[in-house]
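This report concerns only the one structure given below.
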Amino acid sequence: MFNKVSLSYFLIFMGVIFLLSGLFLLAYPTAVQAAEPNPIHITNEAGVLPPQSPSAQGDPGQGGYIFALAGGCGCHMGQAGFLAGGMPFEGPFGVVYAANITQDPATGIGNWSDQEIIDAIRLGHGPDGEQLFPVMPYPTFSHMADEDVQNLVAFLRTAPPIENAVPERQLNVEAPPFSPMAPPPAAAPGSGVARGEYIVTAISHCGDCHTPFNPDGSPDFSKFLAGGVVEGQIAPNITPHDGTGIGAWSEQDIVDLLKTGQRPGNEPPVGGLMALSIEGGYKDMTDADAGAIAAYLKTVPAVENEVQPPEEMAASAETPAMEETPATLPVSGEARGSWAIETLLGLGLGLTAAGLWLRRKWHTAR
Ligand code: HEC
């Protein structure tokens with residue numbers, strides 16, 4: 001009897017300990033972040049920490065927000081896991097594969113210095129000196145403020161390493177050399193139309209889908225945001241043109257679309273690449289930033305342009321591979337730690353209940 005009773009008390013005791021730890025972590029979520037293994041601290045064969053570049057001063061939390069504004073770097077999602085890359089992008093230029101940008105040292109970017117990652121994001125420079133093909137939107141990201149790109153890198157450092165070797169690209173044409181027209185700002189504009197312009201042109205890369213291309217593959221800036229075709233999908237005209245653009249939309253309509261994918265009126269919600277960008281991150285932008293984007297879109301020149309579906313699109317109505325990508329993982333350490341809290345609370349409740357039940361059962365049996 002002594003054993004059974006003390007077992008039930010032991011269960012209750014353990015249950016309460018688990019419950020209390022779960023509640024503690026619920027109250028102080030940052031403790032989970034600290035307790036989580038930090039993927040930066042991957043050791044190499046020699047067992048030493050990789051060198052930290054002096055610019056490793058970004059804030060991963062702020063970087064997570066930049067990541068969301070960028071639509072969650074959706075192209076780098078795929079079957080292999082969060083940011084593990086592998087998705088092919090084909091065009092007349094050949095085929096390129098989204099890189100593995102997890103912290104895996106061998107197949108990802110775990111061994112890159114912060115500056116090497118920043119140069120890949122803003123200049124399209126690979127660590128071996130090769131020029132990345134501008135499918136990667138570095139011409140847009142070249143305008144990204146120092147502060148934002150450093151925070152973004154700090155966030156990328158928190159991505160769990162996933163081993164996934166991505167195939168070599170096959171190019172029919174060389175990637176054109178790239179040098180930005182103006183140096184990026186140190187810090188981003190904080191509010192208003194200027195902030196909206198910055199988000200659209202430096203981070204959210206709306207123009208990469210919504211601006212048509214010249215025959216040579218470069219964006220046609222005379223039709224900035226007047227609609228394009230990407231991966232076989234029509235990205236409509238989002239200039240304030242009344243007939244062919246979104247001139248009839250209110251700023252609130254645009255905010256709603258960015259945060260929910262819902263178009264005004266009874267129109268169906270957006271799908272495809274736009275839905276992926278919203279789900280991947282736009283939905284988490286602040287109302288102020290969504291409002292700034294909407295205000296900016298009202299100021300761009302209205303261009304009359306009805307996007308025509310290309311012939312091959314009408315012929316092959318195949319779904320793009322991107323739609324099969326998994327939803328993004330929680331971006332903050334806080335969210336990633338929540339499974340630990342849930343496990344603790346669950347275990348705690350379970351053990352306490354079992355203990356109480358056994359105690360009652362054995363107590364009455366006695
Ligand atoms: C990766 C490509 C891509 C990016 C980046 C992108 N869009 Fe889109 N967008 C699309 C596609 C494709 C559609 C059409 C979706 C559909 O019809 O289901 C769309 C639809 C829209 C619509 C609805 C237009 C209409 O007439 O119904 C708006 C508004 C819009 N996008 C605004 C934006 C803004 C603003 C940004 C940047 C913050 C942006 N998009 C970034 C691809 C993109």
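The values are calculated or read from the model by the stated rules, or taken from the named source; none is laboratory data. Only a predicted model underlies this, so the values are computations on that prediction, with no experimental measurement involved. Cβ: placed from backbone, ideal geometry, glycine included. Neighbour counts: every protein chain shown.
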Inside the range 273-299, can you point out the residues that are assigned to a loop (DSSP other than H, G, I, E, B) and crowded, with 20+ Cβ neighbours inside 10 Å? GLY281, MET285
Taking the criterion of being at positive phi, touching a Phe, Trp or Tyr at 6+ places or on another chain (Cβ under 9 Å) and either assigned by TED's automatic domain parsing to the domain that holds TYR65 or more than 11 Å from the ligand (Cβ to nearest atom) (or both), would at least one residue in the range 235-257 satisfy it? no
Among the numbered criteria (1) outside any helix (DSSP H, G or I); (2) near the ligand (Cβ under 10 Å from one of its atoms); (3) in contact with a Leu (Cβ under 7 Å, 6 or more places away or on another chain), which one does ILE199 miss? (1)
Tell me yes or no: at least one residue of the range 145-156 is touching a Gly at 6+ places or on another chain (Cβ under 9 Å) and within 16 Å of the ligand (Cβ to nearest atom). yes
Residues that are at pLDDT 85 or above, within 11 Å of the ligand (Cβ to nearest atom) and not aliphatic (A, V, I, L, M): does the range 286-297 have at least one? yes
Quick check: anything in the range 300-316 near the ligand (Cβ under 9 Å from one of its atoms) and modelled with pLDDT of 95 or more? no
Any chance the range 162-174 includes a residue that's of a type outside the set (Val, Ile, Thr), buried (at least 16 other Cβ atoms within 10 Å of the Cβ), away from the ligand (no atom under 16 Å from the Cβ) and under 20 Å from the mean Cα position of the chain (by Cα)? yes
Regarding the range 175-184, can at least one residue be identified that is farther than 18 Å from ILE117 by Cα, surrounded by fewer than 22 Cβ atoms within 10 Å (Cβ to Cβ), within 15 Å of the ligand (Cβ to nearest atom) and in the same structural domain as ALA290 (by TED's automatic domain parsing)? no
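Would you confirm whether or not the range 217-226 contains a residue that is among the basic types (Lys, Arg), touching a residue at least 24 places away in the same chain (Cβ under 8 Å) and within 25 Å of ALA68 (Cβ to Cβ)?
Checking the range 217-226: not a single residue is among the basic types (Lys, Arg), touching a residue at least 24 places away in the same chain (Cβ under 8 Å) and within 25 Å of ALA68 (Cβ to Cβ).
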The lone exception for VAL270 - which of (1) hydrophobic (A, V, I, L, M, F, W, C); (2) more than 19 Å from GLY232 (Cβ to Cβ); (3) in a loop (DSSP other than H, G, I, E, B); (4) within 10 Å of the ligand (Cβ to nearest atom) it fails: (2)
